[in-house]
Amino acid sequence: MEEKTTLGRFIASRRKYMGLTQEELAEKIGVSKSAIAKWETDGGLPDRDNLKSLSDALHTTADDLHRIIRGTDTKNKDLRVNITPDVIAALESYGYRVIRPEGKIEEDAQ
């Protein structure tokens, strides 16, 4: 059985995936490091304004964060990735090299 993701686990996981410290994330959204630590340990929830700032800083949507809080499925199960296959295809068609979620870079088709 898959363990449910809590908002705290998501924040910690996403922050680490993005290579940010708690202090750096706190600075981005204008809160204290202890607020980030509290949220990551599920000791409390961010208020509405902080939730919006948090979603922006973590490159996700406030809707996805609300879904996690409510315990409902998110649109994108792998919330580390906030890009669709259509967007990847469009970027690649313009010559961009896209780093895939698995960490692989697709080689240019030439």
Item checked: Residue within the stretch 32-45 that is at pLDDT 95 or above, over 18 Å from residue 6 (Cα atoms), in a loop (DSSP other than H, G, I, E, B) and not aromatic (Phe, Trp, Tyr) present -> yes
Item checked: Candidate set from the stretch 29-41 (those that are under 17 Å from the mean Cα position of the chain (by Cα) and buried (at least 17 other Cβ atoms within 10 Å of the Cβ)); member that is farthest from residue 53 (Cα to Cα) -> 40
Next item on the list: Give the residues of the stretch 2-24 that are under 12 Å from the mean Cα position of the chain (by Cα) and either surrounded by 15 or more Cβ atoms within 10 Å (Cβ to Cβ) or within 21 Å of residue 70 (Cβ to Cβ) (or both), sorted by residue number.
Entry: 7, 8, 9, 10, 11, 12, 13, 14, 15, 20
Next item on the list: Sort out which residues of the stretch 42-68 are surrounded by 15 or more Cβ atoms within 10 Å (Cβ to Cβ) and among the small types (Gly, Ala, Ser), and write them in order of number.
Entry: 53, 55, 57
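The values are calculated or read from the model by the stated rules, or taken from the named source; none is laboratory data. Given the structure is predicted, the values throughout are model-derived calculations rather than measurements. When we count neighbours, we look across all protein chains shown, and the Cβ atoms used for this are built from the backbone with ideal geometry, even at glycine.
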